[in-house]
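First the structure, in the form of structure tokens, and then the observations on it.
Please treat every number below as a calculation from the coordinates, not as lab data. This structure is a prediction, so every number in the text was calculated from the model and none was measured. All Cβ positions, even for glycine, are placed from backbone atoms using ideal geometry, and neighbour counts span all protein chains on display.
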Amino acid sequence: MRISPTCIQEKQFSQELTLTQDLGSRTDLILGALYLHEVAGEPLELDVPSIGFVPRVYVIDPEQKLASYAAYTQIRHRLTDNLRTSAGVRYTKDQKQYYEVTRFFGMGAGKKSWAASTPRLAMDYR
């Protein structure tokens, strides 16, 4: 028996935009957004000559898609020359989609989305 990938396929695109603004000599603001899109697949073929499966008879052809969007902001304030505090939040939304076709068992598919806001509080000393 042999299971072999026929060709791993992946395409990805991402873009991030970040804006910063000084709000005085000790404070700055960061705003940003991120977009990620990916399509991936790894077709497999099963070859079992002892029971009559010959190459390309049983093929699994899956495809997965991902779209991710995020927006974030952070404000930083320097308390002293060596101590800085920051607070921020990031909102992320992800969507995944899966689709699979097999020669004997038909097809299967699924789709899921989720989102989250993530706060951040930090203190840096250098």
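Going by C-beta contacts inside 10 Å, put Leu31, Leu17 in order with the fewest on the left.
Listed from fewest to most nearby Cβ atoms, that is Leu17, Leu31.
Full extension from Arg126 to His77: what is 0.36 nm times the residue separation minus their Cα-Cα distance, to one decimal in nm? Please list the in-between numbers first.
On the way: separation 49, 0.36 × 49 = 17.64 nm, distance 1.40 nm.
Value of the extension gain: 16.2 nm.
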Subject >> region 17-28 - phi-based ³J(HN,Hα) in whole Hz, Karplus 6.51/-1.76/1.60, Gly and Pro as x >> reply: 10, 10, 10, 10, 9, 6, 10, x, 6, 10, 10, 9
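Report the extension gain between Ser86 and Ser14 in nm, rounded to one decimal, defined as 0.36 nm multiplied by the number of residues separating them, less their alpha carbon distance.
Working: separation 72, 0.36 × 72 = 25.92 nm, distance 2.65 nm.
Gain on extension, Ser86 to Ser14, equals 23.3 nm.
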Original post:
Can you list the HN-Hα couplings for region 72-88, worked out from phi with the Karplus curve (6.51, -1.76, 1.60; θ = phi - 60°), rounded to whole Hz and with x for Gly and Pro?
Top reply: 8, 8, 8, 10, 10, 9, 8, 6, 9, 4, 10, 10, 10, 10, 8, 9, x
Subject >> Partners for Lys96 among aspartates and glutamates (Cα-Cα distance below 12 Å; same-chain residues under 8 apart left out) >> reply: Glu38, Glu63
